[in-house]
1. Using only atoms on other chains, find how many Cβ atoms lie within 10 Å of each Cβ of peptide A:168-176 and report the average.
2. State the antiparallel share, in %, of DSSP beta bridges confined to segment B:3-162, rounding to the nearest 5.
3. Using a 7 Å offset from Cα along Cα-Cβ at D:F231, what residues in segment B:238-282 end up with backbone N under 20 Å from the label point?
4. For chain C, what is the accessible area per residue in Å² when the probe is 1.4 Å?
5. For an R0 of 51 angstrom, estimate the FRET efficiency from the Cβ-Cβ distance between D:Q245 and B:E23 and round to the nearest 0.05.
6. Do me a favour and compute the ellipsoid semi-axes for the protein assembly as shown from its Cα gyration tensor, root of five times each eigenvalue, largest one first, whole Å.
7. With +1 assigned to the C-beta of every Lys and Arg and -1 to the C-beta of every Asp and Glu, and no other charges, what is the dipole magnitude of the protein assembly as shown about the Cα centre in debye, to the nearest 20?
8. Can you check what the Kirkwood hydrodynamic radius comes to for segment C:167-287, Cα pairs only, in Å to one decimal?
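The values are calculated or read from the model by the stated rules, or taken from the named source; none is laboratory data. Since the model is a prediction, treat every value here as computed from it, not as a measurement. With ideal geometry, Cβ positions are generated from the backbone for all residues, glycine too; neighbour counts draw on all protein chains shown. Keep in mind that these areas ignore ligands, DNA and RNA; they rest on the heavy atoms of the full protein, side chains included. Shrake-Rupley method; radii C 1.70, N 1.55, O 1.52, S 1.80 Å.
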Protein chains: 4
Amino acid sequence: MKEVGFIGLGSMGVPMVQNLLKEGFRVKVYNRTPEKASGLVEAGAQQVYHPSEAAAAGGIVITMVSNDQALQEVTHAFADQLGAGGVHLSMSTVSPETSRQLALYHQERGSEYVASPVFGRPEAAAAQKLFILSSGPREAKERVQPLQEALGQRVFDISEEPGGANVIKLGGNFMIMAAMEAMAEAFNLAEKSGIDRNLAAEVYASTLFNCTVYQGYGKMIAGKAFEPAGFQLGLGLKDCNLVLQEANSLQTPMPLASLLHDRLLASAAKGRAQQDWSALARIALEEAGLE
Amino acid sequence: MKEVGFIGLGSMGVPMVQNLLKEGFRVKVYNRTPEKASGLVEAGAQQVYHPSEAAAAGGIVITMVSNDQALQEVTHAFADQLGAGGVHLSMSTVSPETSRQLALYHQERGSEYVASPVFGRPEAAAAQKLFILSSGPREAKERVQPLQEALGQRVFDISEEPGGANVIKLGGNFMIMAAMEAMAEAFNLAEKSGIDRNLAAEVYASTLFNCTVYQGYGKMIAGKAFEPAGFQLGLGLKDCNLVLQEANSLQTPMPLASLLHDRLLASAAKGRAQQDWSALARIALEEAGLE
Amino acid sequence: MKEVGFIGLGSMGVPMVQNLLKEGFRVKVYNRTPEKASGLVEAGAQQVYHPSEAAAAGGIVITMVSNDQALQEVTHAFADQLGAGGVHLSMSTVSPETSRQLALYHQERGSEYVASPVFGRPEAAAAQKLFILSSGPREAKERVQPLQEALGQRVFDISEEPGGANVIKLGGNFMIMAAMEAMAEAFNLAEKSGIDRNLAAEVYASTLFNCTVYQGYGKMIAGKAFEPAGFQLGLGLKDCNLVLQEANSLQTPMPLASLLHDRLLASAAKGRAQQDWSALARIALEEAGLE
Amino acid sequence: MKEVGFIGLGSMGVPMVQNLLKEGFRVKVYNRTPEKASGLVEAGAQQVYHPSEAAAAGGIVITMVSNDQALQEVTHAFADQLGAGGVHLSMSTVSPETSRQLALYHQERGSEYVASPVFGRPEAAAAQKLFILSSGPREAKERVQPLQEALGQRVFDISEEPGGANVIKLGGNFMIMAAMEAMAEAFNLAEKSGIDRNLAAEVYASTLFNCTVYQGYGKMIAGKAFEPAGFQLGLGLKDCNLVLQEANSLQTPMPLASLLHDRLLASAAKGRAQQDWSALARIALEEAGLE
């Protein structure tokens, strides 16, 4: 029986459900604003109107919602219905701490929690090209693996500790922001030296750093074009705070994360929380007198 | 006539000369310790015993030496012989300031200077896979282009200002060190969270950051293996100092470069200047109590 | 009627009660470990054995306990007894957030909360030389002022907002740590230049920086003597975290506080949380190869 | 015989010469723009019109000029005349490196060099309240001591190494800038918490930090008033660069100095080099959205 509930039909959730349908899963879908489900219903999904209806006793529910609080609320709404033997495949980007708390919450009900955040934008989701992280109890991870494989190109088994996958996801976002700051500073140096900053970006992105992060954000930072937001700076700041909290409680000094934090915070204080997180580069631009 | 002088037969210079010979150039080679030339002589190079003999009046001389001082010395030794109409293709990693000074030095003699540092290790040099940067007067750049194309996979025309290519080269080394620090901190966070740091490295290097810098240095930093040195930390510190000097004189604040500088300097004070520059990561390891 | 309850008989509380007695107040004293009260009873204090007994309906209770949690517990234990018209004069170093919560807690009971942390060590407390900060409702601040004046040399009226005094106290601790880091780096530079670091400390402390913080901590940092702890590094790290939390929620980037945090955190990871907070300087010593 | 030459009649030099005259010294004065000497001539000084005329063979010359280059130029102009047995008492704020070079320059002529920068503004100079640092050969230091004592309230014998006094002077300026950054951040936190930032400044300057640096700069930073310049930010940046150069060559990481440097550099790039160096605080104000 290939049946699954899916909660959260945002820009990521919709193409993910489409891929599940395409791979032959029967999917019950729930979203707070129900209109988002219409296309999926046409494609064969069954729409439900309360989170609990997405959960079958002992079944599997996937969640892909916008933040920690939303995840906590829907989990509290469906966990009793999911009950003993059920598995919650939690794919949102949330804090390790939230994963740890929800893992306990499920444990009290006999169900299990697999943290499974992803790397990839909506286009990658549509193309089944997501990279999928996975942490939680071994058996639960094995049980959800066919679903993960239907959604992405590769699954990484991170740890049994429930927050592990979230730590890796946050670490990845930190590394992206570090790359953006490095580019911002290097491109400014080039511009001040009289070199075309777009050329500088192209050189780096086609030689040492020929990977998507440098290619995509390199263009934005070189071109000083930070809107529309693919991922909002305010969310980057939130993730950076989560990184630093985790680092603080684990006694792991991360001075580069601190540097990024202070610059993201300044960006927010200057009213840029809704811009793309690459707008982090504007601080360096201002400091160099280039904006 | 495809004739050229080549000064500097180190681990980069030797395979570069081999490629020039393979592409049909006649090459006069000079090295301070003449023994290094023996293999090249067998392959068809003509060995000379003073830098000035590598230069034909109005011809082209390539230099690939170890640092700014060595470059200044050999240039002073061959520039008069090169004379009017000659071109010096300077491929060593040196400071923009040195390039600017040598450009003037040549100008006084009617010759021209093209700064042309490369991205790539000896293996890339052997495979003609170097990425080659180029800055200097337009005509001189055009004249040396066939040589550059014989040595690498792509040539980037950076600027007419002689130091431009050096700025881009230094910026690239800065970005590599920034990536290393980011990995060091992210891997430590993973380890302290109970996740295998080698797994963390593999996840990042096969998803968001699937490019050589993250793949190669990621393995070293995850594995805490910093010897033997591919590129010495002391040279990374020197480059970081050049970046900061240039940034200071151009009024371009680079706080991430400052952070890296302070950690490289601490590494040197702890006696690690001869280790691989990825040993920068040991500071973060020590701070986290992981070493 | 000059009657007051006093909870918390540590190294600060004991001399403070003695001063209150000396100034003619009748004092009911409570401490979790009751033995601490014996000297005070001889001096005229009345010992009680539950926090609630220290509170008279509508009266005043002073608290001087070790941390936020201890303050919350004792407050919950005496607030109902204090009741309408009472004032809680809270002199411990706690977070602004704790003050805000306890202000609300009292408000629900008709009592009022005055945050009143102090600058000064036990010797200053004994000499009635404390500097006393004060934030809370105007009338409550006026009512407790005679008590504050009996305890210190000067009272600063900071704000009506209950957390204000705590923000100023935390800011002061941040500024002390900043001074310690500045001295650490300057003394290292002197030592590496061949100058006696104790002489460097003396020069600064008797010229530009002739104030207690530089004189006292200057001697410790110059002499590399970080034990016994006057104030533990772990508590300094806690305060630094509180500063950064407040700064984050108020969108106030504090890069110097971030720098201090990362170095305090490294100190803790290296097992130095129980040393004096001036042991922060050991990171700079290690980085310079001086330890 | 109490005779001395004095070169450099700026805002510091003039009151210093007046004090020398008052203490019974005969003073030959030189300044590039000779008009500055008129008041001193009335007070009894003898004006000369070339630096070499200020020097008597085997005598003493004091210099108080604006920067390293000016010091080198005048020294080259009078050193031959000063000759064997002469002493150059060099009171300008210059780099340790310049002192080391000039010490050698004098040594070649049989004369000696005492580096003797001061702490104190023109008012302190007028009041004979300068603090005077002294480094150089023992006998030369003893010989100039009566002059130093005529000019200040205390003389500190730093080292025999000629650059030592300059290192201490630079370290002091670094510590002042560190204190300014700490105040900037702490006052911003107070303001964002709803506390009057002038009150915050007053609390700190009358309790923990009751010394001139915090009192004077505290008022400026709290009041956001950075002009007219007592000491220009551009000179602060120059000193910070000298600190970092010295730190780099001595392998002494100074991350707090790096932080200050980057903020001073940003200030310069924003066109604030002519403002008072306390305008460093404007970066923190902007980052917090307070300007």
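1. Numbers: counts 10, 1, 3, 13, 7, 2, 4, 9, 3.
The per-residue average across the peptide is 6.
2. On the way: 3 of 27 bridges.
Beta bridges within segment B:3-162, antiparallel portion: roughly 10 percent.
3. Under cut-off, by backbone N: nothing.
4. Values: 10190 Å² over 291 residues.
On a per-residue basis, 35 Å².
5. Values: r = 45 Å, r/R0 = 0.88.
It comes out at approximately 0.70.
6. Details: eigenvalues 565, 503, 98 Å².
In descending order, the three semi-axes are 53, 50, 22 Å.
7. Working: 96 positive and 124 negative charges, 1 e Å.
So the magnitude is around 0 debye.
8. Numbers: mean 1/r = 0.0691 Å⁻¹.
Averaging 1/r across every pair of different Cα atoms and inverting gives 14.5 Å.
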